[in-house]
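What follows is a single structure, written as structure tokens, with notes after it.
Values quoted throughout were computed directly from the atomic coordinates according to the rules given, and no laboratory measurement underlies them. Computed from a predicted structure; not experimentally measured. FYI the Cβ positions are ideal-geometry reconstructions off the backbone, even for glycines, and counts take in every protein chain you see.
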Amino acid sequence: DIQMTQSPSTLSASVGDRVTITCRASQSVSNWLAWYQQKPGQAPNLLIYKASSLHSGVPSRFSGSGSGTEFTLTISSLQPDDSATYYCQQYNSYSTWTFGQGTKVEI
Amino acid sequence: EEQVVESGGGLIQPGGSLRLSCAASGFTVNTNYMAWVRQAPGKGLEWVSVIYPGGYMYYTDSVKGRFTISRDNSKNTLYLQMNNLRAEDTAVYYCARDTGRRRGVDVWGQGTTVTVSS
């Protein structure tokens with residue numbers, strides 16, 4: 001099974017900072033990688049799909065890049081509303097979905 | 001608006017059974033990849049099971065033989081039958097939709113809580 005590893009586990013930054021989260025796959029997932037934001041007590045929300053495509057309605061300060069085994073999620077200018085936990089997910093195969101362990105972003 | 005609403009969670013003793021339901025609106029469950037994803041208290045997201053539009057079903061190893069995913073097309077509802085429940089199954093269970101167009105999971109329910117405890 002494909003394993004997904006995120007780093008860091010926790011990140012503290014200030015409003016306006018540029019923030020980068022990394023997600024590594026144990027084997028290539030091509031560009032079938034999504035990013036989700038989850039706030040406490042809420043369901044996850046899709047931010048990025050196919051590694052770099054912005055989901056409808058998601059602010060443009062969010063961006064994704066990468067392919068194969070290494071991916072990044074970047075928040076270009078951190079906002080107070082971005083305080084949340086972020087998860088990557090590979091969907092190279094629909095028979096097994098795998099999430100990263102999450103990165104908590106504190107402001 | 002496309003949405004799903006889960007129900008059926010609750011407190012259950014170890015070894016017991018529970019059936020979760022996920023009622024969809026705004027789209028049809030049988031033309032999408034429908035999945036259950038759970039989140040144990042204070043932990044990350046864990047994929048549990050998925051059912052393909054064609055009916056293929058897949059499960060994470062820890063629930064194989066105990067959980068069964070199914071759907072009722074006439075009710076446009078997804079189910080998760082959970083048998084022989086264990087303490088480690090305690091989690092919020094989310095119903096989720098992937099269109100299969102490789103655009104990620106774009107519809108999530110609010111979740112239903114399952115607590116396995118004596």
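In debye, nearest 20, what is the charge dipole magnitude of the protein assembly as shown about its Cα centre with +1 on Lys and Arg Cβ and -1 on Asp and Glu Cβ, if you could check? Can you show the working numbers first?
Numbers: 18 positive and 16 negative charges, 57 e Å.
In debye, rounded to 20, the protein assembly as shown gives about 280.
Can you give the mean number of other chain Cβ atoms that lie within 10 Å of the Cβ atoms in peptide A:45-56? Numbers along the way, then the final one.
Working: counts 3, 8, 1, 1, 7, 4, 0, 0, 3, 0, 3, 2.
Across A:45-56, the average partner-chain Cβ count within 10 Å equals 3.
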Item to check | From phi via Karplus (6.51, -1.76, 1.60), per-residue ³J(HN,Hα) for the stretch A:70-82 in Hz, x at Gly/Pro | outcome: 10, 9, 9, 10, 10, 10, 6, 8, 4, 10, x, 6, 8
Item to check | For residues of B:104-110, the mean tally of beta carbons on other chains within 10 Å | outcome: 6
Checklist entry - What percent does the relative contact order of chain B come to when contacts are Cα pairs within less than 8 Å and at least six residues apart? => result 36 percent
Next on the checklist: Once you place label points 7 Å from the Cα toward the Cβ at A:Ser95 and B:Arg86, how far apart are they in nm?
Outcome noted: 2.3 nm
Next on the checklist: I'd like the Karplus ³J(HN,Hα) series for the stretch B:3-8: coefficients 6.51, -1.76, 1.60, θ = phi - 60°, whole numbers in Hz, and an x wherever there's a Gly or Pro.
Outcome noted: 7, 10, 10, 8, 7, x
Checklist entry - How far apart, in nm, are the 7 Å Cα→Cβ label points at B:Gln13 and B:Ser70? => result 2.5 nm
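Quantify how strongly other chains surround peptide B:45-54 by giving the mean number of their Cβ atoms within 10 Å of each of its Cβ atoms.
Values: counts 13, 3, 6, 1, 1, 5, 0, 2, 0, 0.
Taking the mean over all residues of the peptide, I get 3.
So how strong a dipole does chain A carry about its Cα centre when Lys and Arg Cβ are +1 and Asp and Glu Cβ are -1, to the nearest 20 debye? Don't jump to the answer; show the numbers that get you there.
Values: 6 positive and 6 negative charges, 20 e Å.
So the dipole magnitude of chain A works out to roughly 100 debye.
State, as an integer percentage, the relative contact order of the stretch A:46-107 based on alpha-carbon contacts under 8 Å between residues 6 or more apart. Could you put the intermediate results ahead of the total?
Numbers: 79 pairs, mean separation 13.0, N = 62.
Value for the stretch A:46-107: 21 percent.
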